[in-house]
Every structure is written in structure tokens, then in C-alpha cells.
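Okay, structure first, notes after.
The values are calculated or read from the model by the stated rules, or taken from the named source; none is laboratory data. What you see is a predicted model; the values in this text were computed from it and never measured. Here the Cβ positions follow ideal geometry from the backbone for every residue, glycine too, while neighbour counts run over all protein chains shown.
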Amino acid sequence: MAAKRIAPDIESDDQPKEKRMKSMPSFASVIGEVMMAKSLQSFVNSFEPLLRRVVNEEVERGIQRTMRTMTRVPSFRIQAPEPACMQLMFVNKDLPTIFTCNKITDINGDSLNLMLVEKIGDQIIRKVPQHPIKVEIVVIDGDFPSTDRDIWTVDEFNGKIVKERSGRRPLIAKDVHYTIKHGYCVTLGEIEFTDNSSWIRSRKFKLGARVVPGTSSDGRILEALTEAFIVKDQRGEVYKKHYPPMLEDEVWRLEKIGKDGKFHKRLELAGIKSVQDFLKLSAIDSIKLKKILGGKRGKAGIPDRMWDSILKHAKTCNVGNKLYICQGSNFTITLDATCNIFSIHNIDGELYSNSDFRSYIKNETIDQLVKNAYKNWASLQEVDRPVNESLQLSQVFLNFVSIITKFSHD
């Protein structure tokens, strides 16, 4: 019985071994695979140098073809900025908004000046050229250079020169050629734009100055550039604001007040026609003036930000050297052209000190006297502002008193 039990166990134990023998490779096949792998590795080792050499030759040949193409086509050439020991420079670089058919001037209304300099680090040294240098004024795109760099190549500069639109006159006319010779700089004469700047992407121009190609043997001279500015058509000049405004300017010359706009019409209805009228009322009653501008907005008037902008521009006005005298029963006040107190005298002609002056400005009597002066402005005595104010104010008052006395006797 025991033998019968063992037999099945042995039989069942031998069956999976036969299956495993079928899935395992033979010794001969393993040896064959090893020999094949060794032969393949030997082939790769012997073929690799040849493959590397062929690849290197093809890569070098491709690079040479590309370089020949780049040198033949100018747009692919890489040109490093040439070192410039000298450069042209505008003395006054800041330009205001310019109108066509008007002389180009700087922000102060002065003619532009161009000079030759040598820049060593941050130091700028003015130079007198050994030989006359012929210079040409050109128009440059307002976006050039694209970064804050202060050096560029000739090709980069020339590539940003703006030419006139098709069918138009040259973009800048009249005196565009100059010669720098004996002096440090040359003053630019009559130069004017014939077209606005709205048609280019940046909507701004720069003036550039370059040495006329082929006229200088002094090596590379870097070109000059102004700051960017806007050019508008001349017909827009009649509506432009004045910086600074003048006392006699119409009130719409102030910022935020458009010609024939709602603010302009409201002010005119209230008798505020000039910048001087605006400043006088702002000194007497600024709340009333804000309400006039605000129209139907009621007590609020116009927004504070807009009011501040208008008033700030108005106060850049030059008030001139005229003074206006108003005499009261106890005080005599001297006002400037915008109805601000210039000085205060008592009935004896004594000029108040600065400390007393500040305290008396808030005095109700003085305040009423100023308001009366505003209402009767046309009847005030007009005098010239003294050259030495501290010494001659009393003399101004005495002269006024003598005039009044003379008329009273007559």
C-alpha cells in the first residue's frame, strides 16, 4: 500500500521538471549567442572611428556652406559696434511737441546746438575737429535704440532713418547740412518738419546727426540723438496749450479746458475769459470757481484731481512786474496781477514785517479789502514792482499817497 502511495507522488513531481527543461535554452544556443554578441561588438568597435570621421566631415562641410551663405547676404552679417573715440552730441536734447512748418527748437524755445565730443568713461570732453566735419540732420524712429545702450553700428543707425511717405515732400526741410570746423559746436538754423509722426509705429521721432558718408577721415564718429518727441500738424497748433501760460492768454489755453468746450463756455458766462481772470478768482474764492467749472454738479464742483491739474498749470504763469494798490481806512495793500497780497502798510505808511504780514493776511479787514480790490480792479492804481523790494516798498506807498494827496487838493 505504501508503494502505491509513493508512485503517484514521484510521477507528479517529475512532470513540471520536464516542462522547465523545454523552456530553458540549450548550452549550444547560449554559446552561439555569446559568440554573435562578441562579433557584433567587435564590428561596432571597428566601425565607430569610420562613422565618426564621416559625420565630422559632413558637419564641417555643412557649416562651411552656411558661413559662405551668411557672408554673401549682408543682412546675415554680424557687425560689432566699432569703437568710436569721438561722437556728435546735441547740447539740448529735450524737445517739446513740434508742429509742422515751424522751426524746430528745444523745450525752452532756443535753437538746437550740435557739438563734437570725446567720451572717456562718464567724462565728456569737448573737441575741436582737426579738419572740417560735414554733418547731416536726419529723422530717426522714436524707438531707437531699443535698449538704453549709448553705442550702435553705422548700419543700425542708418536702418532707423525715417524717410518721407510716398508722394510727400522730404520729411525735414530747409537747413539740414552743417559744417563743424573752428568752434566747439554749430547752431542749427531753420529746420522744420513737413509731416506728422502719427504714421509710424512708435508715433514719435528723434532728430539725429551723422557725419556725411565719405567726408571724414577721422575714423568712426558716433551719431547724435535727441530725446523722442511728437510732431503734430500745424492746424492743431491753434488749439495747443501754452507752457507756461501768459496772463493775457485765453482761459482755454489751460490744461483740461478745451476750446469751446463745456468748461470754456461756463467760465466765459461767468466773465472768466483770460488766465489772469482765472487766477484772480482762484485767489479770492476758489470754491466759487470750482462750482462754475462743475456746472450742474452743484456744491461738489469738479473733481479735485482735475482742479489741481488746472490750477497747477495756471500757477506756472509769470505774473509780471505790475503791482496794484488798494487803500482802506486803516490799511493799504499792494497786490500782484493775480490778486495775491504783495505787501501791507498801516495808515502811517509803515511796512509790516513778515511775521505780522502772515497774521494780517487772515484779518477780516484785510480780507474784505482784497475782495473790494477784486471787484474794483479797473480803478486800482498800477505801479511797477520795485527792483529792490525790501528797500523800496515804502517808497511805492509814499508815491501813491502823494498822488492821492495831489488829486485831493486839485
Next item on the list: Kindly indicate which of LYS127, LYS134 is within 25 Å of THR194 (Cα to Cα), touching a residue at least 24 places away in the same chain (Cβ under 8 Å), charged (D, E, K, R) and in contact with a strand residue (DSSP E or B) (Cβ under 7 Å, 6 or more places away or on another chain).
Entry: LYS134
Note to self: Please go through region 141-160 and give me each residue that is modelled with pLDDT under 95 and basic (Lys, Arg), ordered by number.
What the structure shows: ARG149
Notebook entry, point to check: Which residues, counting only those in region 118-141, are aliphatic (A, V, I, L, M) and either closer than 19 Å to GLY189 by Cβ or buried (at least 18 other Cβ atoms within 10 Å of the Cβ) (or both)?
Noted result: ILE133, VAL135, ILE137, VAL138, VAL139, ILE140
Note to self: If I go through region 263-277 residue by residue, how many of them are assigned to a loop (DSSP other than H, G, I, E, B) and of a type in the set (Gly, Ala, Ser)?
What the structure shows: 2
Check: On the given criteria, is LYS240 surrounded by fewer than 17 Cβ atoms within 10 Å (Cβ to Cβ), charged (D, E, K, R) and free of Cβ contacts under 8 Å to residues at least 12 places away in the same chain?
Finding: no
Notebook entry, point to check: Would a scan of region 56-77 turn up a residue that is surrounded by fewer than 16 Cβ atoms within 10 Å (Cβ to Cβ), acidic (Asp, Glu), at pLDDT below 85 and not in a helix (DSSP H, G or I)?
Noted result: no
Item checked: Restricting region 160-180 to residues that are loosely packed, with under 13 Cβ neighbours inside 10 Å and more than 27 Å from GLY109 (Cβ to Cβ), the residue that is farthest from the chain's Cα centre (by Cα) -> GLY167
Item checked: Selection status of THR187, surrounded by 13 or more Cβ atoms within 10 Å (Cβ to Cβ) and either of a type outside the set (Asp, Glu) or outside the structural domain of VAL212 (by TED's automatic domain parsing) (or both) -> no
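Yes/no per residue for (1) touching a residue at least 12 places away in the same chain (Cβ under 8 Å); (2) under 26 Å from the mean Cα position of the chain (by Cα); (3) not assigned by TED's automatic domain parsing to the domain that holds PRO129:
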position: ARG210; (1), (2), (3): yes, yes, no
position: LEU222; (1), (2), (3): yes, yes, no
position: GLU227; (1), (2), (3): yes, yes, no
position: ILE230; (1), (2), (3): yes, yes, no
position: MET246; (1), (2), (3): yes, yes, yes
position: GLU250; (1), (2), (3): yes, no, yes
position: PHE263; (1), (2), (3): yes, no, yes
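Per-residue answers, yes or no, for (1) part of a helix (DSSP H, G or I); (2) on the phi > 0 side of the Ramachandran plot; (3) at pLDDT 90 or above; (4) surrounded by 15 or more Cβ atoms within 10 Å (Cβ to Cβ):
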| position | (1), (2), (3), (4) |
| --- | --- |
| CYS326 | no, no, yes, yes |
| ALA337 | no, no, yes, yes |
| ASP367 | yes, no, no, no |
| VAL370 | yes, no, yes, yes |
| ALA378 | yes, no, yes, no |
| VAL383 | no, no, yes, yes |
| LEU391 | yes, no, no, no |
Check: Taking only pairs six or more apart or across chains, which ones have beta-carbon atoms under 7 Å, a first residue in region 333-353 that is over 18 Å from TYR374 (Cα atoms) and aromatic (Phe, Trp, Tyr), and a second residue that is at pLDDT 85 or above and in a strand (DSSP E or B)?
Finding: TYR352/ILE344
Next item on the list: State whether one or more residues within region 210-228 are out of contact with any helix residue (DSSP H, G or I) (no Cβ under 6 Å at 6 or more places or on another chain), crowded, with 18+ Cβ neighbours inside 10 Å and more than 30 Å from VAL154 (Cα to Cα).
Entry: no
Next item on the list: Report whether or not LYS280 is outside the structural domain of THR365 (by TED's automatic domain parsing), more than 30 Å from the chain's Cα centre (by Cα), under 15 Å from ALA373 (Cα atoms) and not in a loop (DSSP other than H, G, I, E, B).
Entry: yes
